[in-house]
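> Encoded as structure tokens, here's the structure I'll be asking about.
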Amino acid sequence: MSKRSRSRATRKDQTAVRSGRLRSWAFPAIFIVAALSAVVVVALTVASSPASEGVKATRPVLGDQAAPVLIEEYGDFQCPSCGAFARTVEPQIRAVYIDTGRVRLAWHDFAWIGQESRTAANAARCAGDQGQFWEYHDLLYQNQAGENGGAFSTGNLKGFGDTLGLEPTAFGACVDADRYGSAVQADFAKVRKNGFNGTPTFVIGDQRIVGAQPFEVFAAAIDAALATQ
């Protein structure tokens, strides 16, 4: 794991607790000031976003599209705290809230750690072309092995597709062409605009959670949002 410093959620991050873990990215000062001075409530963005070669990338969303509460997750596939959330807390959220039709989860790429973050994000979008974004998402987090050390090399990314039974020719061509590279970069541009500076970051209703917080923190925010419906 990198020795990059990990930042704590600010007091204005309404549901973040001191014990939480997160990865922090050193934005230029203007963005850090913005992140510390206000809680940003992110608008729902499920519409398509620009991608390479004029491709339109649909926002990956898990759960019933009619679910009344949306969780927006901003993550990096190389981020260890993101992986911890995906492997431990997210399954609880899925079982209690998503599978019961009350919550949906939208993914935003916050690919800042390095090139393998971006290539993994593109590959996950490519898997989404075959209806398996979330399965690929899970597989990436199950196979984290340090940062920018080859765990998410092109060969490994294609191998993960084989594990899921993806059609290899179409998937390989998508990975090689970096088909969704611009969509990944567009998500990162929105992260910069919103002033987010830690992964993972979540927006639930009017609350922002930073870091791999315990399930109870997410449950409280979700229940509060459900109570307003």
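> Name the one entry in VAL203, VAL175 that is at negative phi, assigned to a helix (DSSP H, G or I) and aliphatic (A, V, I, L, M).
When all the criteria are applied, what remains is VAL175.
> Restricting the search to the stretch 178-198, which residues are among the aromatic types (Phe, Trp, Tyr) and either assigned to a helix (DSSP H, G or I) or under 12 Å from ARG125 (Cβ atoms) (or both)?
Keep residues of the stretch 178-198 that are among the aromatic types (Phe, Trp, Tyr), which gives 180, 188, 196.
Of everything in the stretch 178-198, those that are among the aromatic types (Phe, Trp, Tyr) and either assigned to a helix (DSSP H, G or I) or under 12 Å from ARG125 (Cβ atoms) (or both) turn out to be TYR180, PHE188.
> Of the numbered conditions (1) touching a strand residue (DSSP E or B) at 6+ places or on another chain (Cβ under 6 Å); (2) among the aromatic types (Phe, Trp, Tyr); (3) free of Cβ contacts under 8 Å to residues at least 40 places away in the same chain, TYR136 satisfies every one except a single condition; which is it?
It fails just one condition, (1).
> Going through the stretch 206-229 one residue at a time, which ones are among the polar types (S, T, N, Q), part of a loop (DSSP other than H, G, I, E, B) and farther than 22 Å from TYR141 by Cα?
THR228, GLN229
> Do you know which of the residues in the stretch 94-115 that are within 14 Å of the chain's Cα centre (by Cα) and in contact (Cβ under 8 Å) with a residue 60 or more places away in the chain is surrounded by the fewest Cβ atoms within 10 Å (Cβ to Cβ)?
Narrowing the stretch 94-115 to residues within 14 Å of the chain's Cα centre (by Cα): 104-113.
From what's left, in contact (Cβ under 8 Å) with a residue 60 or more places away in the chain: 106, 108-113.
On the way: ALA106: 19, HIS108: 26, ASP109: 28, PHE110: 29, ALA111: 27, TRP112: 21, ILE113: 22.
So the residue we want is ALA106.
> Tell me, yes or no, whether the stretch 65-81 has at least one residue that is more than 14 Å from the chain's Cα centre (by Cα), assigned to a helix (DSSP H, G or I) and not acidic (Asp, Glu). Even if it seems obvious, please write down each step before you answer.
At the first step, the residues of the stretch 65-81 found to be more than 14 Å from the chain's Cα centre (by Cα) are 65-69.
Pick out the ones that are also assigned to a helix (DSSP H, G or I) and you get none.
For the stretch 65-81, residues more than 14 Å from the chain's Cα centre (by Cα), assigned to a helix (DSSP H, G or I) and not acidic (Asp, Glu): absent.
Residue by residue, here is whether (1) closer than 24 Å to GLN144 by Cα; (2) modelled with pLDDT under 50; (3) touching a strand residue (DSSP E or B) at 6+ places or on another chain (Cβ under 9 Å); (4) not polar (S, T, N, Q) holds:
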site	(1), (2), (3), (4)
ARG23	yes, no, yes, yes
ILE30	no, yes, no, yes
VAL33	no, yes, no, yes
GLU53	no, yes, no, yes
ALA67	no, no, yes, yes
ALA95	yes, no, no, yes
ASP109	yes, no, yes, yes
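> Determine, yes or no, whether PHE215 is closer than 20 Å to ALA67 by Cα, surrounded by fewer than 18 Cβ atoms within 10 Å (Cβ to Cβ) and at pLDDT 95 or above.
Against the criterion (closer than 20 Å to ALA67 by Cα, surrounded by fewer than 18 Cβ atoms within 10 Å (Cβ to Cβ) and at pLDDT 95 or above), PHE215 qualifies.
> Something else about it: If you scan the stretch 116-136, which residues turn out to be more than 17 Å from ASP178 (Cα to Cα) and surrounded by 14 or more Cβ atoms within 10 Å (Cβ to Cβ)? Give the derivation first.
Here is the first cut: in the stretch 116-136, the ones more than 17 Å from ASP178 (Cα to Cα) are 131-132, 134-135.
The answer is GLN132, TRP134, GLU135.
> Among the residues of the stretch 138-149, are any touching a Leu at 6+ places or on another chain (Cβ under 9 Å), assigned to a helix (DSSP H, G or I) and surrounded by fewer than 22 Cβ atoms within 10 Å (Cβ to Cβ)?
The answer is yes, given that some residue of the stretch 138-149 is touching a Leu at 6+ places or on another chain (Cβ under 9 Å), assigned to a helix (DSSP H, G or I) and surrounded by fewer than 22 Cβ atoms within 10 Å (Cβ to Cβ).
The values are calculated or read from the model by the stated rules, or taken from the named source; none is laboratory data. What you see is a predicted model, and the numbers here were worked out from it, not measured in a lab. Glycine also receives a Cβ, built like all others from the backbone with ideal geometry; neighbour counts cover every protein chain displayed.
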